[in-house]
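Data block below; observations after.
The values are calculated or read from the model by the stated rules, or taken from the named source; none is laboratory data. What you see is a predicted model, and the numbers here were worked out from it, not measured in a lab. Virtual Cβ from ideal backbone geometry, glycine too; neighbours counted across all protein chains shown.
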Amino acid sequence: AKAAGVGNYHFYSSEMTEQLRRRLALERDLRSALEREELELFYQPQIDYHTDGGDCMGAEVLLRWRHPQEGFISPGEFIPVAEMSGLIIPIGEWVLQKACQQNHLWQLGGLHGLRVAVNLSALQFQQPNLVELVATTLENTHHNPDLLELEITEGLLMNDVQSAIKILQSFRDLGVTVALDDFGTGYSSLSYLKRFPLNFLKIDQSFVRGIPQDSNDTAIVRSVIALAQSLQLDVIAEGVETAEQATFLHNLGCHKFQGYYFGRPMPALEFTRFWEARQAP
Ligand code: C2E
Ligand code: CA
Ligand code: CA
Ligand code: CA
């Protein structure tokens, strides 16, 4: 038994060393990824289902990294590294700047009223100059504030409730909308929710996945929609993969969707074509 214990220890420890090595290598490469222009933004359609077939109302901005040796690395893997190392600060600034530039071009190109939704990480939210950064970026890129949405998560609000309220109020004053991402996966008390000036709740895809078969998921989704309605927040469901899920959500009173059923995240040029195809009569 003792020998097995020692063996296990070695097993875990070498596995951890391997993980640590990989993390450090990723961090090193990520440091130069920005200047080497290995980062790219993809855009995933957000659909307003009210009208015939549904309009494309916006796009969530999703970061992609084309690593020169390893190929494409998913944000699920490198965003945590960017957060731990602090690199998410310059990367996040780049994402915001790039997304606003792109949408300014789209506005000139006829994609009128298209909104881009940019993810903010907790570390960005803790920067004292965040609101200023957003304001100057909007100015520099000639971007209409109404057409920018910021996606934040529950955890980031609960860190420091008072200052979070202040920041959100400043965004609202700027005209920027705010969506609460991954809703339902955090532990925040619902009574807090009404204190934050928010515009959207995004139902997490882990709940959407199970509907309509899974009765727990269905119950959760039903109550999130009811909660959003009572707080006068708009609600968007993410991870919608089937027509059945869309119809089911629509019948529950959720009319805004994002998911593979409508469109995957795609490069800007492809998104332009997607938008134009949907606008066609
Ligand atoms: P998220 O903000 O929850 O983004 C939604 C994720 O769900 C994206 O994964 C998207 O590709 C995926 N998704 C969308 N529709 C479907 C669907 O129908 N089925 C399934 N299975 N998945 C779907 P992605 O692009 O891999 O991003 C993962 C996470 O990385 C994001 O989760 C977000 O937390 C983070 N992330 C991505 N880009 C950025 C960024 O620019 N800044 C920050 N701070 N985080 C980012
Ligand atoms: Ca998001
Ligand atoms: Ca999400
Ligand atoms: Ca997520």
> Are any of the residues in the range 70-78 within 16 Å of ligand 3 (Cβ to nearest atom), touching a helix residue (DSSP H, G or I) at 6+ places or on another chain (Cβ under 8 Å), modelled with pLDDT of 95 or more and not polar (S, T, N, Q)?
Replying inline: no
> Among A135, A122, which is more than 21 Å from E40 (Cβ to Cβ), away from ligand 2 (no atom under 16 Å from the Cβ), in contact with a helix residue (DSSP H, G or I) (Cβ under 8 Å, 6 or more places away or on another chain) and among the small types (G, A, S)?
Replying inline: A135
> Which is within 15 Å of ligand 4 (Cβ to nearest atom), in contact (Cβ under 8 Å) with a residue 40 or more places away in the chain, surrounded by 21 or more Cβ atoms within 10 Å (Cβ to Cβ) and of a type outside the set (S, T, N, Q), of V176, V208?
Replying inline: V208
> Restricting attention to the range 239-265, which residues are in contact (Cβ under 8 Å) with a residue 40 or more places away in the chain and among the charged types (D, E, K, R)?
Replying inline: K256, R264
> Hey, among the residues in the range 243-268 that are more than 16 Å from ligand 2 (Cβ to nearest atom), small (G, A, S) and crowded, with 16+ Cβ neighbours inside 10 Å, which one's modelled with the highest pLDDT?
Replying inline: A268
> Among S206, S170, which is the only one that is in a helix (DSSP H, G or I) and farther than 20 Å from L62 by Cα?
Replying inline: S170
>> Criterion first (small (G, A, S) and within 15 Å of ligand 2 (Cβ to nearest atom)) does S206 satisfy it?
In response: yes
> Got a number for residues in the range 225-242 being under 12 Å from F262 (Cβ atoms), within 16 Å of ligand 2 (Cβ to nearest atom) and of a type in the set (D, E, K, R)?
Replying inline: 1
>> Tell me the residue from F72, F78 that is aromatic (F, W, Y) and within 16 Å of ligand 4 (Cβ to nearest atom), please.
In response: F78
> Among the residues of the range 11-50, how many are at pLDDT below 75 and either of a type in the set (G, A, S) or exposed (fewer than 10 other Cβ atoms within 10 Å of the Cβ) (or both)?
Replying inline: 1
> Which of the residues that make up the range 42-70 are away from ligand 2 (no atom under 16 Å from the Cβ) and part of a strand (DSSP E or B)?
Replying inline: D48, D55, C56, W65, R66, H67
> Which of the residues that make up the range 167-196 are more than 24 Å from V134 (Cα to Cα), more than 16 Å from ligand 1 (Cβ to nearest atom) and of a type in the set (G, A, S)?
Replying inline: S188, S189, S191
> Residues in the range 183-201: is at least one within 22 Å of G76 (Cβ to Cβ), surrounded by fewer than 18 Cβ atoms within 10 Å (Cβ to Cβ) and at pLDDT 95 or above?
Replying inline: no
